[in-house]
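Chemist: What follows is a single structure, and I will ask about it in a moment.
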Amino acid sequence: MTSFVVAVDGPAGSGKSSVSRASARALGFDYQDTGAAYRALAWSCLERGIDTSDAGAVIGAVSGFAYSIGIDPDDYYIRVDERDVTEAIREPRVTEVVSAVARIPEVRGYLVQLFRRVIAASDRPGIIVEGRDITTVVAPHAQVRILLTASEQVRMGRRSAELHGESAETTAKQLASRDAQDSRVVDFMNAADGVTTVDSTDLDFDQTVNAVVALVRSQQT
């Protein structure tokens, strides 16, 4: 495993991806977005006509899942079968089904091992890994474990700003639905023992990044 691991969890709209990536850049670390793997698998299933509500079919698709991710925060990409799907996995049709794919235990078990291999392959001084169960399942022994959160109103506002053309009401329903579905699998709303909560409700983006970077540096030897 790389020398220093930072595990970051949090609900939808908390800024996990953007904050983690910017923090990794500031620290000279690698960055892994684990949610992208679940999205990539969901996208792959849709492309191959696999019913994402059929757990057996999705489990069968995992064995042929050729996935790669760029962990350099300045060279981020997602590929499936060598095809760049960085933008495609963010399509609404993928968002609608990703939770169904992600809550299958066999899928999670397979991808957790993939995430750990990516961590081990990092050749930088450290890596920031973000998702839903990183502090408790993927990297429970990480040197720094963070729950990044914010009030529901703030998270809704941030997500609305990202999704142009979506009404605030639609965005709120999507955010609440995603959290409700994912919370059936893992508790990412409450910090586990030893996990530090960073609440960005009253912080702007730069202040949140600075808080994460300061926390990491305080634990480096």
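Chemist: I need the calculated FRET efficiency for the pair A214 and Q113, taking r as the beta carbon distance and R₀ as 35 Å, to the nearest 0.05. Numbers along the way, then the final one.
Modeler: Details: r = 32 Å, r/R0 = 0.91.
It comes to 0.65.
Chemist: Taking the mean number of other Cβ atoms within 10 Å as a proxy for protection, how do you rank 130-136, 62-68, 22-28 from highest to lowest? Working shown, then result.
Modeler: Numbers: 130-136: 26.3, 62-68: 13.6, 22-28: 19.9.
The packing order, highest mean first, is 130-136, 22-28, 62-68.
Chemist: Another question, then. Apply the a/c threshold of 1.5 to the C-alpha gyration tensor of the stretch 5-219 and tell me whether it is rounded, prolate or oblate. Mind showing how you got there, number by number?
Modeler: Numbers: a/c = 1.58, a/b = 1.21, b/c = 1.30.
Oblate, because a/c is 1.5 or more while a/b does not exceed b/c.
Chemist: Turning to a different aspect of this structure: What does the charge count around V58 come to, taking other residues whose C-beta lies under 12 Å from its C-beta (Lys +1, Arg +1, Asp -1, Glu -1)? If you can, show how the numbers build up before the last one.
Modeler: Values: positive: R48, R103, R108; negative: D51, D54, E106.
Here the count lands on 0.
Chemist: Let me ask something else about it. Which order do the peptides 208-215, 72-79 come out in when sorted by mean C-beta neighbours inside 10 angstrom, highest first? Provide the component values of the computation, followed by the final result.
Modeler: Details: 208-215: 18.5, 72-79: 14.6.
Top of the packing list down: 208-215, 72-79.
Each reported figure results from applying straightforward, stated rules to the coordinates on display, with no laboratory input. Note that this is a predicted model, so its numbers are computed, not measured. Note that we place each Cβ from the backbone using ideal geometry, even for glycine, and neighbour counts take in every protein chain shown.
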